[in-house]
Structure formats: structure tokens, C-alpha cells
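Here is the structure we will look at, set down as C-alpha cells.
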Amino acid sequence: MKSEDVLQVVAWLERAEIPVWLDGGWGVDALLSQQTRSHSDLDLVVRLEDASQIEQTLAIYQFAIILNELPTRFVMKDANCRSVDFHTVQQDSSGQLIQVLQDGMPFHYPQDSLAGQGMIDGNVISCITPEAQILFHTGYKPQAKDIHDVRLLQQYFNLPLPEEYVGIVTDLE
């Protein structure tokens with residue numbers, strides 16, 4: 001997924017008045033204001049209530065759902081192999097953001113986790129915060145791309161290193 005593809009998909013959704021926040025690899029690179037690695041897809045946090053409007057909006061541009069794991073997430077892809085992984089959240093009665101996981105358990109997003117702001121190709125874009133990015137890179141065996149992302153976030157934003165990354169993340173030098 002190239003930077004111009006990211007900007008195009010975000011623009012299509014924003015024109016449809018659907019708020020989105022970058023997550024995953026592009027979210028990290030947006031926070032750093034530079035592309036640091038290649039990306040196979042685009043991860044976006046969206047409101048669960050917007051899922052059907054997202055599907056309708058992107059269908060205009062030949063995107064189709066290839067994986068439906070709602071209420072947790074869904075993935076859309078087009079004929080050019082551009083893939084968007086939508087992570088769906090909803091607010092509880094107290095205003096807390098929740099993602100219902102596949103086992104039905106609620107995952108509570110940290111307060112203000114959607115308050116991040118980054119830049120792609122000189123365009124300001126909403127994303128999840130660096131702290132949320134670090135948190136969302138935990139709870140599973142990290143791959144090389146995860147180690148890369150966490151290392152950059154930790155160094156650039158001076159954040160504590162998650163326990164599962166201690167000993168595997170080294171200096172960039």
C-alpha cells in the first residue's frame with residue numbers, strides 16, 4: 001500500500017463524513033512523519049456504526065469485503081490488491097471506546113487514544129496516539145515489522161518498552 005493510496009482511501013471516507021484514524025504500520029509512519037518501511041495494507045480505526053456506510057462508499061471504488069469478523073473488524077480489498085483492515089470501536093455509556101473482540105470480550109481503548117495526529121506526504125492525518133500504538137503491539141509474538149515499529153516509537157517518543165520487547169529491540173545504530 002503506497003502513501004498515495006492511503007491518502008486516497010482516507011479522502012474518500014472523509015468526503016463521506018466517516019471519521020477514521022490510522023493504526024498499524026501506516027499509523028506509526030504518520031506519527032513519525034515519514035515512511036520507514038513498506039506496508040501490505042492500511043489499518044484504520046472506525047466507528048462500528050459506520051461499517052455499512054464504509055462498505056457502500058468503498059464499493060464505488062471497486063473495494064469488496066474479503067473478511068468479515070464484525071463486530072471486531074473487517075477487511076476490504078480492490079482489484080489492485082489494495083487492502084484496508086478496519087478495526088471497529090464503539091462507545092459505552094461512559095464514553096469509553098470499546099472494541100468487542102472475537103471471543104466477545106470488550107477491549108477498552110485507553111482514554112484519548114484517538115487523539116494522535118501525524119503526517120503523510122505533507123498531509124495532516126488523524127491517527128491513534130504513540131502510546132496506543134505501543135499498547136496495540138503487545139499481547140502476541142512480535143514479527144520483524146512489529147519490532148521495527150516499536151523500536152521507532154519508543155525512541156522517537158521516549159516511551160517505555162513493553163515487556164515482551166525487552167531484549168529483542170536494539171538501538172537503530
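The values are calculated or read from the model by the stated rules, or taken from the named source; none is laboratory data. Nothing here was measured: the structure is a model prediction, and the numbers come from that model. Note that each Cβ is placed from the backbone with ideal geometry, even for glycine, and that neighbours are counted across all protein chains shown. Heads up: the accessible areas ignore ligands, DNA and RNA and are worked out on the full protein's heavy atoms, side chains in. Shrake-Rupley method; radii C 1.70, N 1.55, O 1.52, S 1.80 Å.
Observations on the model:
- Leading residue at positive end of dipole, the chain (Cβ point charges), from Gln8, Gly95, Trp26: Gln8
- Aspartates and glutamates with Cα under 18 Å of Lys141, excluding same-chain neighbours fewer than 8 positions away: Asp149, Glu163, Glu164
- The stretch 75-173 - percent of accessible surface contributed by carbon and sulfur, probe 1.4 Å: 50 percent
- Counted residue by residue at 0.36 nm each, then reduced by the alpha carbon distance between them, the extension gain from Asp103 to Arg37 reaches 20.6 nm.
- Helical contribution to [θ] at 222 nm, DSSP H n ≥ 4, -39,500 (n - 2.57), averaged over the chain, rounded to 500: -9000 deg cm²/dmol
- Counting only Cβ charges, +1 for Lys and Arg and -1 for Asp and Glu, the dipole size of the chain around its Cα centre is about 240 debye.
- List Met76, Met1, Met119, Met105, ordered by accessible area with a 1.4 Å probe, largest first: Met105, Met119, Met1, Met76
- Rolling a 1.4 Å probe over the protein heavy atoms gives the stretch 1-139 an accessible area of 48 Å² per residue.
- Equivalent-ellipsoid semi-axes of the chain, from the Cα gyration tensor, Å, largest first: 25, 20, 15
- Sequence of Arg47, Arg151 when ordered by accessible area, the most exposed leading, probe 1.4 angstrom: Arg47, Arg151
- Spin-label model distance (nm) - Thr138 vs Glu164, 7 Å beyond Cα toward Cβ: 1.0 nm
- Remark: relative contact order (the chain) = 20 percent; criterion is Cα-Cα distance under 8 angstrom and separation of 6 or more residues.
- Dipole of the chain, positive direction: furthest Cα of Ser38, Leu114, Pro142, with charges on the beta-carbon: Ser38
- When the chain is described by a simple charge dipole with +1 on each Lys and Arg Cβ and -1 on each Asp and Glu Cβ, the residue from Val166, Val75, Ile60 located farthest towards its positive end is Ile60.
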